[in-house]
Amino acid sequence: MAIVNVTPDSFYDGSRTPDEGALERRIAQVMAEGASIVDVGGYSSRPGADPVPADE
């Protein structure tokens with residue numbers, strides 16, 4: 001299993017994936033490394049995080 005964050009305020013900046021192309025490359029990478037499940041983090045769970053609008 002791998003976690004790929006798409007939020008700009010992710011706690012760990014090394015896991016941030018800034019755009020769609022980078023997201024596709026990161027998912028391909030973790031799957032090539034053996035991940036069979038990919039959790040795409042679309043909402044920051046850190047305290048004080050702004051809610052993500054439904055249209056995003």
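Of the residues making up the range 31-51, those that are surrounded by 11 or more Cβ atoms within 10 Å (Cβ to Cβ) and assigned to a loop (DSSP other than H, G, I, E, B) are A35, G42, Y43, S44, A49.
Kindly indicate whether S15 is under 14 Å from the mean Cα position of the chain (by Cα), exposed (fewer than 10 other Cβ atoms within 10 Å of the Cβ) and modelled with pLDDT under 85. No, not satisfied. Of all residues in the range 9-30, those satisfying the criterion of being in contact (Cβ under 8 Å) with a residue 12 or more places away in the chain and of a type in the set (A, V, I, L, M) are L23, I27, V30. Restricting A28, A22, A54 to residues that are of a type in the set (G, A, S) and either assigned to a loop (DSSP other than H, G, I, E, B) or touching a strand residue (DSSP E or B) at 6+ places or on another chain (Cβ under 8 Å) (or both) narrows the list to A54. Condition check: hydrophobic (A, V, I, L, M, F, W, C), surrounded by 10 or more Cβ atoms within 10 Å (Cβ to Cβ) and touching a helix residue (DSSP H, G or I) at 6+ places or on another chain (Cβ under 7 Å). Does A2 satisfy that? Considered against the rule, which asks whether it is hydrophobic (A, V, I, L, M, F, W, C), surrounded by 10 or more Cβ atoms within 10 Å (Cβ to Cβ) and touching a helix residue (DSSP H, G or I) at 6+ places or on another chain (Cβ under 7 Å), A2 comes out as yes.
The values are calculated or read from the model by the stated rules, or taken from the named source; none is laboratory data. The shown structure was predicted, so the numbers you read here are calculated from the model rather than taken from an experiment. Ideal geometry is used to build each Cβ from the backbone, glycine not excepted, and the neighbour counts take in all protein chains shown.
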